[in-house]
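Below you'll find the structure, written out as structure tokens, and then a few comments.
The values are calculated or read from the model by the stated rules, or taken from the named source; none is laboratory data. Everything numeric in this text was worked out from a predicted model, so none of it was measured. Neighbour counts run over all protein chains shown; Cβ positions are idealised from the backbone, glycine included.
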Amino acid sequence: MISDIPPFDVKLGYELYTLLLQGVEAGWKKSKSLIVVTNGALGLLPLSLLPTAPAEIYVADDPLFSSYRAVPWLARNYAVTSVPSSAALRTLRQLPPGKPGRGELIGFGDPLFSPEQAEEAAREQDSIKMADAGMTVTRGMPLKRRSSPKLEGVDSAELAMLPRLPDTAEELRSIALALQADPSKVLRLGKDANEEAVKTMDLSGFKVLAFATHGLVPGELNGLTQPALALSAPAVAGVEGDGLLTMEEVLTLKLDADWVVLSACNTGAGEGAGAEAASGLGRAFFYAGTRALLVTNWSVHSQSARELVTDLFKRQADDPKLTRAEALRLAMMALVDGPGYVGADGKTEFAYAHPLFWAPYTIIGDGGAR
């Protein structure tokens with residue numbers, strides 16, 4: 001339920017800020033961006049959501065979560081980027097600029113993991129709707145978030161057990177339009193989001209490469225020995241392969257990308273299992289030739305995710321000088337300060353100012369120029 005979302009502990013958040021950052025403020029306070037190296041449990045916490053001063057929120061605020069707009073989040077004034085190490089940042093910044101003439105986007109999303117999901121997609125007649133679009137959502141209504149794999153305790157799960165992510169198709173379409181690209185030409189959705197399509201396409205000609213699917217770790221599926229992205233089942237797509245783009249296969253790709261977006265690959269899922277997937281896949285994508293990754297640290301709310309990511313890329317399209325990290329910061333704060341979830345009656349049902357909605361996004365790599 002919307003009302004069951006726990007309050008964010010702003011007091012504890014501020015205590016973390018004082019322990020992690022306040023003592024070294026003199027070294028970064030005058031900057032506009034922070035580059036951090038974190039690992040372990042701290043690597044699962046986006047530092048953007050730390051309050052920089054004491055604050056209070058009100059559980060009974062109206063609209064719900066609106067009092068979070070007044071919290072002095074670190075992201076209010078500072079763009080935060082994560083890097084695996086200082087050496088990795090140095091290497092990334094020594095990369096040559098992307099070749100001119102690249103297309104804006106290539107995206108793969110809403111893969112079909114079983115014949116039953118393919119039948120479901122066919123019934124939709126290519127009219128994919130947001131799971132919560134058009135509904136009046138109140139404090140007592142369910143919160144629609146993207147499904148995560150429920151594979152805990154399963155020794156040998158099949159690809160067909162993965163839940164479909166139909167709302168990711170709409171997110172990718174919105175990104176394409178924000179980048180003034182034709183969705184019908186730059187998106188591979190449903191059965192077209194398959195392993196063969198990724199491996200045979202020349203991906204070096206695109207600035208943004210987006211995968212809207214599950215990230216998996218060794219052991220989550222039968223025979224999986226390395227991190228992987230789940231793509232359409234071979235039987236559904238009519239192609240060879242196992243439906244998985246593994247870390248080893250990512251290493252063989254040839255990219256010249258400013259961004260790789262791993263949407264719905266939740267880096268905080270499964271008690272850190274998703275972080276392992278994003279970490280391994282991230283290293284592989286850097287090796288393959290990307291300058292930055294955009295990942296999520298927990299399962300996101302579909303509609304707010306679409307708004308934030310679309311806004312991020314629209315800002316970069318409108319201002320080529322805007323850095324990746326600053327574009328993300330501005331998109332985050334626009335979501336915090338914006339109207340939130342607006343019901344059918346035109347009234348805001350709840351604000352998107354709670355960190356659940358805006359804070360899961362992390363840039364790993366070079367958060368600088370496009």
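Just name the residue that is surrounded by the most Cβ atoms within 10 Å (Cβ to Cβ) out of those in segment 153-183 that are among the polar types (S, T, N, Q) and closer than 25 Å to Pro115 by Cβ. It would help to see each step written out before you state the result.
Taking segment 153-183 and keeping what is among the polar types (S, T, N, Q), we get 156, 168, 174, 180.
Then drop every residue that is not closer than 25 Å to Pro115 by Cβ, which leaves 156, 168.
Working: Ser156: 11, Thr168: 27.
Among those that are among the polar types (S, T, N, Q) and closer than 25 Å to Pro115 by Cβ, it is Thr168.
Of the residues that make up segment 25-33, is at least one touching a residue at least 12 places away in the same chain (Cβ under 8 Å), out of contact with any Pro (no Cβ under 8 Å at 6 or more places or on another chain), among the hydroxyl-bearing types (Ser, Thr, Tyr) and surrounded by fewer than 19 Cβ atoms within 10 Å (Cβ to Cβ)?
yes
Those residues that are charged (D, E, K, R), part of a helix (DSSP H, G or I) and either farther than 26 Å from Leu221 by Cα or in contact with a Leu (Cβ under 8 Å, 6 or more places away or on another chain) (or both), I need them from segment 155-195; list them, please.
Quick first cut of segment 155-195, residues charged (D, E, K, R) only: 155, 158, 164, 167, 170-171, 173, 182, 185, 188, 191-192, 195.
Now narrow it down to the ones that are part of a helix (DSSP H, G or I): 167, 170-171, 173, 185, 191-192, 195.
The answer is Glu170, Glu171, Arg173, Lys185, Lys191, Glu195.
Condition test on Val80, is it β-branched (Val, Ile, Thr), crowded, with 19+ Cβ neighbours inside 10 Å and farther than 14 Å from Leu356 by Cα?
Values: β-branched (Val, Ile, Thr): yes; crowded, with 19+ Cβ neighbours inside 10 Å: yes; farther than 14 Å from Leu356 by Cα: yes.
So Val80 fits the description; yes.
Working only within segment 286-316, note down all residues that are at pLDDT 90 or above and small (Gly, Ala, Ser).
If the condition is that a residue be at pLDDT 90 or above and small (Gly, Ala, Ser), then Ala288, Gly289, Ala292 are the ones that fit.
Among the strands (runs of 3 or more DSSP E) lying completely within segment 196-268, list those that include at least 3 residues that are modelled with pLDDT under 90.
Details: elements: 206-212, 228-230, 244-246, 259-266.
In segment 196-268, the matching strands (runs of 3 or more DSSP E) lie at 259-266.
Can you say whether Arg329 is in contact with a strand residue (DSSP E or B) (Cβ under 7 Å, 6 or more places away or on another chain) and of a type in the set (Lys, Arg), as far as the supplied structure shows?
On the way: in contact with a strand residue (DSSP E or B) (Cβ under 7 Å, 6 or more places away or on another chain): yes; of a type in the set (Lys, Arg): yes.
The answer is yes for Arg329.
Exactly one of (1) surrounded by 12 or more Cβ atoms within 10 Å (Cβ to Cβ); (2) over 27 Å from Ala327 (Cβ atoms); (3) in contact (Cβ under 8 Å) with a residue 24 or more places away in the chain is unmet by Glu56. Its number?
Looking at each condition in turn, Glu56 falls short on (1).
Here are the criteria: (1) at pLDDT below 95; (2) more than 18 Å from Glu158 (Cβ to Cβ). Tell me which single one Lys185 does not satisfy.
Result: Lys185 fails condition (1) only.
Determine which member of the set Ser184, Ser263 is free of Cβ contacts under 8 Å to residues at least 12 places away in the same chain and among the polar types (S, T, N, Q).
Criteria check complete, one pass: Ser184.
For segment 295-352, give me each residue that is among the aliphatic types (A, V, I, L, M), surrounded by fewer than 19 Cβ atoms within 10 Å (Cβ to Cβ) and within 22 Å of Ala60 (Cβ to Cβ). So that I can check it myself, show each step before the final result.
To start, the set of residues in segment 295-352 that are among the aliphatic types (A, V, I, L, M) comprises 295, 300, 305, 308-309, 312, 317, 322, 325, 327-328, 330-336, 342, 344, 351.
Filter again for surrounded by fewer than 19 Cβ atoms within 10 Å (Cβ to Cβ), leaving 317, 322, 330, 333-334, 342, 344.
The answer is Val342, and nothing else.
Given the condition among the aliphatic types (A, V, I, L, M), closer than 28 Å to Thr348 by Cα and out of contact with any strand residue (DSSP E or B) (no Cβ under 9 Å at 6 or more places or on another chain), answer yes or no: does some residue in segment 66-80 qualify?
Yes; the residues of segment 66-80 include at least one that is among the aliphatic types (A, V, I, L, M), closer than 28 Å to Thr348 by Cα and out of contact with any strand residue (DSSP E or B) (no Cβ under 9 Å at 6 or more places or on another chain).
Every residue in segment 184-204 that is out of contact with any Asp or Glu (no Cβ under 7 Å at 6 or more places or on another chain), of a type outside the set (A, V, I, L, M, F, W, C) and buried (at least 16 other Cβ atoms within 10 Å of the Cβ), please.
If the condition is that a residue be out of contact with any Asp or Glu (no Cβ under 7 Å at 6 or more places or on another chain), of a type outside the set (A, V, I, L, M, F, W, C) and buried (at least 16 other Cβ atoms within 10 Å of the Cβ), then Arg188, Lys191, Asp192, Asn194, Glu195 are the ones that fit.
Given (1) under 18 Å from Phe313 (Cβ atoms); (2) in contact with a strand residue (DSSP E or B) (Cβ under 7 Å, 6 or more places away or on another chain), identify the lone condition not met by Ser174.
Unmet condition: (2).
Could you run through segment 189-228 and say how many residues are touching a Pro at 6+ places or on another chain (Cβ under 9 Å) and within 23 Å of Leu312 (Cβ to Cβ)?
Selection size over segment 189-228: 6.
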